[in-house]
Amino acid sequence: MTTPVLEARDVTMRFGGLTAVRSVDFTVNSGEIVGLIGPNGAGKTTFFNCLTGLYVPTEGTVSYQGKVLPPKPHLVTQAGIARTFQNIRLFANMTVLENVLVGRHTRTKEGLWSALLRGPGFRKAEKESEAKAMELLEFIGLAAKRDHLARNLPYGEQRKLEIARALASEPGLLLLDEPTAGMNPQETRATEDLVFAIRDKGIAVLVIEHDMRFIFNLCDRVAVLVQGEKLVEGTSDVVQADERVVAAYLGEPFEGDPGAAEAAEVEAAEATAEAEGAESAEPADSAETAEPADSAATTDTVESTEADSTTKGEAQ
Ligand SMILES: Nc1ncnc2c1ncn2[C@@H]1O[C@H](COP(=O)(O)OP(=O)(O)OP(=O)(O)O)[C@@H](O)[C@H]1O
Ligand SMILES: [Mg+2]
């Protein structure tokens with residue numbers, strides 16, 4: 001059964017005269033991986049900031065498991081929403097393990113004095129926390145680097161560590177802002193598996209990404225934000241096929257779409273065949289030598305111009 005985990009109602013965020021997010025309704029259900037896509041400046045991060053209490057929305061409400069959230073980051077984390085940031089925010093001079101321990105502090109009962117005095121209660125809690133943090137590092141694949149300084153990790157591992165730290169607060173919903181930015185294809189694939197594994201732990205995921213292959217492979221549902229407004233929402237298939245999305249954002253079919261790649265190849269091959277047919281009476285190198293005749297031929301079809309230039313480019 002699907003129950004709403006997160007419900008944003010009519011969320012608007014204005015900065016002076018600029019409306020970065022406009023009347024957005026949005027739901028994430030339990031067990032779902034939902035994608036949020038849109039061009040640069042569409043308002044995706046601003047929307048995340050409204051969900052996590054970093055910004056107080058100009059209008060609208062955000063509820064988590066049926067309760068309206070106070071717009072305060074620590075209360076949002078306490079309620080059960082964790083996030084990562086578009087620009088990695090780690091404690092650079094702390095170790096990998098310490099960074100995860102910091103993420104756990106909302107779930108530990110030990111207060112400031114207990115921590116300062118390092119009494120028996122604190123030491124017991126500290127041991128438990130460390131065990132939990134190590135479990136997370138195993139899960140994320142960074143256990144062997146527990147004592148490395150965060151700043152010495154390669155970029156892809158810093159992103160992973162941020163996810164581990166977010167998970168340390170034991171969330172019911174995880175928000176990821178561009179988790180694969182700067183990753184190589186292998187790391188991106190691994191992150192895909194990681195997000196599936198997080199979902200399998202019973203954590204719903206909302207993810208912002210520009211990598212369309214990643215989004216469409218991963219998400220049960222995708223919402224498209226354009227100029228602060230939700231343009232379309234649906235399954236990956238529905239969103240990919242929507243002409244408004246293609247026009248506003250995708251521009252051309254995403255590179256993983258085998259149908260589109262085939263169609264482009266067929267088109268190019270047909271154009272080449274057509275161009276060759278038209279020139280069959282002329283010497284083979286006429287494209288290089290007979291400038292006026294060639295340019296007359298290529299004005300007929302756009303495709304032949306492209307096919308010619310490709311062939312020429314390869315020959316050179
Ligand atoms: N604190 C702020 N003050 C003023 N304007 C802001 C602020 N934060 C964001 N904006 C503006 O709001 C709009 C949306 O920005 P936002 O960062 O949310 O976009 P985005 O969809 O996350 O883009 P990207 O894909 O590049 O990360 C932009 O025009 C941005 O300049
Ligand atoms: Mg952003």
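Remarks
- Inter-label distance for GLN227 and HIS105, nm, one decimal - labels placed 7 Å from Cα along Cα-to-Cβ: 4.3
- Put simply, the amide H of ALA168, placed in the peptide plane, has no neighbours under 5 Å, leaving out anything fewer than 5 places away on its chain.
- Once the Cβ-Cβ distance of PHE196 and GLU243 is raised to the sixth power relative to R0 = 35 Å, the FRET efficiency obtained is 0.70.
- Sites GLU276 and ASN217, calculated FRET efficiency, Cβ-Cβ separation with R0 45 Å, nearest 0.05: 0.70
- Counting charges near LEU142 (Lys, Arg +1; Asp, Glu -1) among other residues having Cβ under 10 Å from its Cβ returns a value of +1.
- The stretch 157-238 - percent relative contact order, Cα under 8 Å, separation 6 or more: 24
- Net charge of Cβ neighbours under 15 Å - reference TYR64; Lys, Arg +1; Asp, Glu -1: +1
- Shown in residue order for the stretch 18-33 are the 3J(HN,Hα) couplings computed by the Karplus curve 6.51 cos²θ - 1.76 cosθ + 1.60 at θ = phi - 60°: 9, 9, 7, 9, 10, 6, 8, 9, 7, 10, 10, 9, 4, x, 9, 10 Hz (x for Gly and Pro).
- 17 Å Cα cut-off, lysine pairs counted over the stretch 122-190 (separation 8 or more, or different chains): 4
- Evaluated at q = 0.14 Å⁻¹, the base-10 log of the normalised Debye intensity for the stretch 1-138, with identical point scatterers placed on the Cα atoms, takes the values -0.81.
- Note, ³J(HN,Hα) from phi for the stretch 207-212, Karplus 6.51, -1.76, 1.60, rounded to Hz, x at Gly and Pro: 10, 9, 7, 9, 7, 5
- Note on ALA92/THR3: beta-carbon distance plugged into 1/(1 + (r/R0)^6) with R0 of 22 Å gives a FRET efficiency of 0.05.
- Extension gain (nm, one decimal) between GLU128 and HIS210, 0.36 nm per residue minus Cα-Cα: 25.7 nm
- Simple spin-label estimate for ALA143 and LYS72 in nanometres, 7 Å along Cα-Cβ: 3.8
Laboratory data are not the source of any read-out in this text; all were calculated from the coordinates shown. Bear in mind that the values here come from a model prediction, so they are computed numbers and not experimental data. Note: ideal-geometry Cβ built from the backbone for every residue, glycine included; neighbour counts use all protein chains shown.
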